[in-house]
Amino acid sequence: MNFFAIIAIYKFEMARTFRTLLQSIISPVISTALYFVVFGSAIGSRMEQIENIEYGSFIVPGLIMLTVLMQSVSNASFAIYFPKFLGTIYEVLSAPISYVEIIIGYVGAAATKSFIIGIIILMTATLFVDVQVKHPAIMLFLLALTCVSFSLFGFILGIWAKNFEQLNLVPMLILTPLVFLGGSFYSINMLPPIWQQITLFNPVVYLISGLRWSFFGTADVSIHYSLFAIGIFTIICITIIGWIFKTGYRLRN
Amino acid sequence: MTSVISIKNLTKTYGNGFHALLNLSLEIEEGEILALLGPNGAGKTTLISSVCGLLSVPKNTITIAGFDVSEDYRKSRSLIGLVPQEITIEPFETVMNAVSFSRGLFGKPKNSAYIKQLLTDLSLYDKRNQKNMTLSGGMKRRVMIAKALSHEPKILFLDEPTAGVDVELRKDMWDVIARLRESGVTVILTTHYIEEAEEIADRIGIMNKGELLLVEGKNELIQRMGSKNLSIELQEPAKKIPASLSRFNLTLSNDGMQLNYIYDVRAQKTGIVDLLSELKKASFKLRDLQTSQSSLEEIFVNLVKE
């Protein structure tokens, strides 16, 4: 194992985060804080409780998930796309590192960043609403697994993208609608029966539901389904990345 | 000398069917400077990319110090440093961070003393805390060399290291390469500049259309393939060249004081003796004779034309 290479990539990527602190951490935290102000305090105070939980508190797991998903995908996709765009990827490809080490470095850094953002958002939420985490260990585990799996997804996206437009296409056109329709701001039980069934095809439902369970002990779907869904998603991403490196898809001719 | 890089029957075909390399074999000796010359599209960069791991190659086609680049990629790649043709460095990183990153990538622990010496040798140490984007083009190219040397490689690939740089910097680069050779590093460079190959290389490989037309010692190449010019200085100006000398294709200088005769050193008979004899018969009085070797550029152009 080339530990020095993993550390080098990890440190390099983390340094980029701290160099662009405003864009990397402060910006997502501010935008999420605005959600709390609007939905939690302004609108939330006029909303009924959902499953005996104040609306402001209810949306906390969804908002964390919303930001963490977007940040994981964006961090990882940018981390691998930018060297491709600049041409500096040659150095990684010519270095004595395995694919696993490359992934640990890039995905590890991207997941760390989004995990930190997730925790900061949780702390920010406590300033606006009453938040209690019933199963903290599960919450941290789910959050970490989500950060890793969606960073893997972002890594795939970054390799696939040929330009900046494609890089933004998937997060904007697919991920954002899935997150908003995945129960970030509502319980899927509030939907008409037919939409309750349809929405179960949205994988993000399981993530938000799982995280919500770790906060309140109740959720739209069982925590087991949530863990199963995210586990499957992680395995699919790892399989695709394995194929990418085996074939050299958009990396090596 | 022992081969440090061995390439056997390497063929590289891209997805669109373009044959970038055709059955290319090459042995590169330890400690030498090999210059690969060739026009655009000759396959020079493809060859370098294949050796350095940027392109997939079949097993048993390329070995570095005995390690197969596909099977033993960790060992083979750790011996190589690569400076690509384009200036590609992280614009927002400092020189020191960029070079340290490269060292780590190649699995080497931190070594501040070595990096300091490296940056000093490349006149970069006082710019170590500057961001790459603030450096001039020449300095950026030096940073790329520093990155390639950061892990103390035994072999350095330089893909057109002096393309687009001014004369002064080009000479600086040549000095850097000469120092690397002195320290035992094998250097393989591609270039369009014949002058560059002539100046610094030990051996020269000429490529065209994916094929390696020849590899030979620079001096031997010039010696073997070059034509020579015999300049004959006359005591009195000649008005024209007599018909009896027409078979020698002589040229007369404007002032009529010098005759020039081009001959092939490879030919069994150079024709010099006959020429001198004919000149005597034609009553030319000679003052001096001088020969000069044709340049590598002429050799290269002739070879690629064939």
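Things worth noting here:
- Simple label model, 7 Å out from Cα along Cβ direction - A:Lys134 to B:Ser3, nm: 7.0
- Sparse-neighbour loop sites [GluC sites (Glu not before Pro); the range A:29-110; at most 10 other C-beta within 10 Å; DSSP]: A:Glu48
- Label-to-label distance for A:Met1 and B:Glu298 is 6.3 nm, based on points extended 7 Å past Cα in the beta-carbon direction.
- Simple spin-label estimate for A:Ser41 and A:Thr126 gives 1.8 nm between the two label positions (7 Å along the Cα-to-Cβ direction from each Cα).
- Normalised contact order of chain B, rounded percent, pairs of Cα under 8 Å and 6 or more residues apart: 19
- The range B:227-294: relative contact order as a whole-number percent, Cα under 8 Å and 6+ apart: 51
- Cβ charges +1 (Lys, Arg) and -1 (Asp, Glu), total dipole of the range A:1-62, debye: 420
- Nearest-ten-degree value, helix B:112-121 long axis tilted from longest Cα axis of chain B: 30
- Pairwise FRET efficiency - B:Asn23 versus A:Ile194, Cβ, R0 = 45 Å, nearest 0.05: 0.10
- Pairwise Cα separations in chain A fall into 10 Å bins from 0 onward with the following percentages, short to long: 7, 31, 34, 19, 7, 1.
- Put a plus charge on the Cβ of each Lys and Arg, a minus charge on the Cβ of each Asp and Glu, and nothing anywhere else: the dipole of the range B:69-206 about its Cα centre is then about 800 debye.
- When the Cα positions of B:Leu21, B:Leu169, A:Ser31 are compared along the charge dipole of the protein assembly as shown, B:Leu21 comes out farthest toward the positive end, with charges on each C-beta of Lys, Arg, Asp and Glu.
- Average beta carbon contacts from partner chains per residue of B:109-115, 10 Å cutoff: 1
- Whole-number percent relative contact order across chain A, with pairs defined as alpha carbons under 8 Å at least 6 apart: 25
- Summary of packing: across the peptides B:44-54, A:194-204, the per-residue average of other C-beta atoms within 10 Å ranks them, highest first, as B:44-54, A:194-204.
- Neighbouring Cβ atoms from other chains, within 10 Å of the Cβ of residues in A:93-103, number 6 on average.
- For A:132-143, mean number of other protein chain Cβ atoms within 10 Å: 0
- 5 angstrom amide H check on B:Gly81, placed H, neighbours 5+ away: B:Ile155, B:Leu156, B:Phe157
- On Cα atoms only, tilt of B:272-281 relative to the major axis of chain B in degrees: 30
- With the whole protein complex present, A:Arg250 retains an accessible surface near 90 Å², based on a 1.4 Å probe.
- Accessible surface, the protein assembly as shown, averaged per residue in Å² (probe 1.4 Å): 47
- C-alpha long axis of helix B:167-182 to longest principal axis of chain B, angle in °: 70
- Shielded residues, the range B:29-65 - accessible-area loss of 50 Å² or more between chain alone and all protein chains, probe 1.4 Å: B:Leu54
- Rounded to the nearest Hz, the phi-derived 3J(HN,Hα) couplings of the range B:195-203 under the Karplus curve 6.51 cos²θ - 1.76 cosθ + 1.60 (θ = phi - 60°) are 4, 5, 4, 5, 6, 10, 7, 8, 10, where x marks glycine and proline.
- Theoretical FRET efficiency, 1/(1+(r/R0)^6), r = Cβ-Cβ of B:Ala113 and A:Phe18, R0 25 Å, to 0.05: 0.40
- Hits among lysines - C-alpha to C-alpha of B:Lys209 under 27 Å, sequence gap 8 or more where chains match: B:Lys8, B:Lys12, B:Lys44, B:Lys59, B:Lys218, B:Lys305
- Summing Cβ point charges (Lys, Arg +1; Asp, Glu -1) relative to the Cα centre of chain B gives a dipole of roughly 320 debye.
- Chain A - mean residue ellipticity at 222 nm from DSSP helices (-39,500 (n - 2.57) per run, n ≥ 4, rounded to 500): -23000 deg cm²/dmol
- In chain B, helices alone account for a calculated mean residue ellipticity at 222 nm of -9500 deg cm²/dmol, with every DSSP H run of four or more residues adding -39,500 (n - 2.57).
- Scanning chain A for long hydrophobic helices, with DSSP H runs required to stretch 27 angstrom or more by C-alpha along their axis and to average at least -0.5 on the Kyte-Doolittle scale, returns A:55-86, A:99-128, A:136-160, A:223-247.
The values are calculated or read from the model by the stated rules, or taken from the named source; none is laboratory data. Values in this document were obtained by computation on a predicted structure and should not be read as measured data. Cβ: placed from backbone, ideal geometry, glycine included. Neighbour counts: every protein chain shown. To get the accessible areas, we keep the full protein, side chains included, count just its heavy atoms, and leave off ligands, DNA and RNA. Shrake-Rupley method; radii C 1.70, N 1.55, O 1.52, S 1.80 Å.
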